[in-house]
């Protein structure tokens, strides 16, 4: 992949800003839409991106009963997304229903990424929800469940990348939010890393939002981030 194709620009923005950004960000090829924007803009946001030849990542992090997750996967395929997320903590049977649905209705069209431990979490957060493992142990445990269930990739903080690569090699894609250029603030992310560091540690894709979308010149900011690894 080209470097520019390894960045999902997180469009956690207003509808007005969405249209402004997709006109401004000429170099970017991959975009992530979460629930807040989707609830405002709906399918038309996906259609606008696809018309421009962009790849669309719907970051909805499904976690529900198996039938609901399966039906949601069908809807994702119908929407025309290229990637979507499920929570690995939903368990093997739930994940398997999703991957079977994708294989039946959207094989080769969409990839499933399993979310391990959110980058906003610390080990204290895990304790709050009665998970007494260290973060890395929990990430690896969930990744193993996801691999057995047939997900295409794992979403984790960049801090877990080396461990994931060591345990699973090239069997999975590795997607890392919590990426911040050296010139950007951490914001509410706890386990962060620069783009170049994440690539060196084995990330296939990274997710970057505010350092690009809130920049005075988003296109220039995007190109500046790419330059970190060229």
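A few notes on this one:
- From the options 96, 40, residue that is in contact with a helix residue (DSSP H, G or I) (Cβ under 7 Å, 6 or more places away or on another chain) and closer than 22 Å to residue 150 by Cα: 96
- Listed conditions (1) at pLDDT below 95; (2) on the phi > 0 side of the Ramachandran plot are all met by residue 150, apart from (1).
- Contact map, the stretch 61-89: first residue on the phi < 0 side of the Ramachandran plot, second residue modelled with pLDDT under 95, Cβ cut-off under 6 Å, separation 6 or more or different chains; pairs are 77/106.
- Residues (crowded, with 21+ Cβ neighbours inside 10 Å, farther than 27 Å from residue 74 by Cβ and in contact with a helix residue (DSSP H, G or I) (Cβ under 8 Å, 6 or more places away or on another chain)) located in the stretch 107-137: 117, 135
- The residue list 179, 225, 199 contains one member that is in contact with a strand residue (DSSP E or B) (Cβ under 9 Å, 6 or more places away or on another chain), over 25 Å from residue 112 (Cα atoms) and modelled with pLDDT of 85 or more, which is 225.
- Filter pass, residue 168 being surrounded by fewer than 20 Cβ atoms within 10 Å (Cβ to Cβ), at pLDDT 95 or above and touching a strand residue (DSSP E or B) at 6+ places or on another chain (Cβ under 6 Å): no
- The stretch 110-138, subset part of a loop (DSSP other than H, G, I, E, B) and within 21 Å of the chain's Cα centre (by Cα), residue nearest to residue 152 (Cα to Cα): 110
- Within this structure, residue 104 passes the test of being out of contact with any helix residue (DSSP H, G or I) (no Cβ under 8 Å at 6 or more places or on another chain), farther than 30 Å from residue 26 by Cα and surrounded by fewer than 21 Cβ atoms within 10 Å (Cβ to Cβ).
The values are calculated or read from the model by the stated rules, or taken from the named source; none is laboratory data. What you see is a predicted model; the values in this text were computed from it and never measured. FYI the Cβ positions are ideal-geometry reconstructions off the backbone, even for glycines, and counts take in every protein chain you see.
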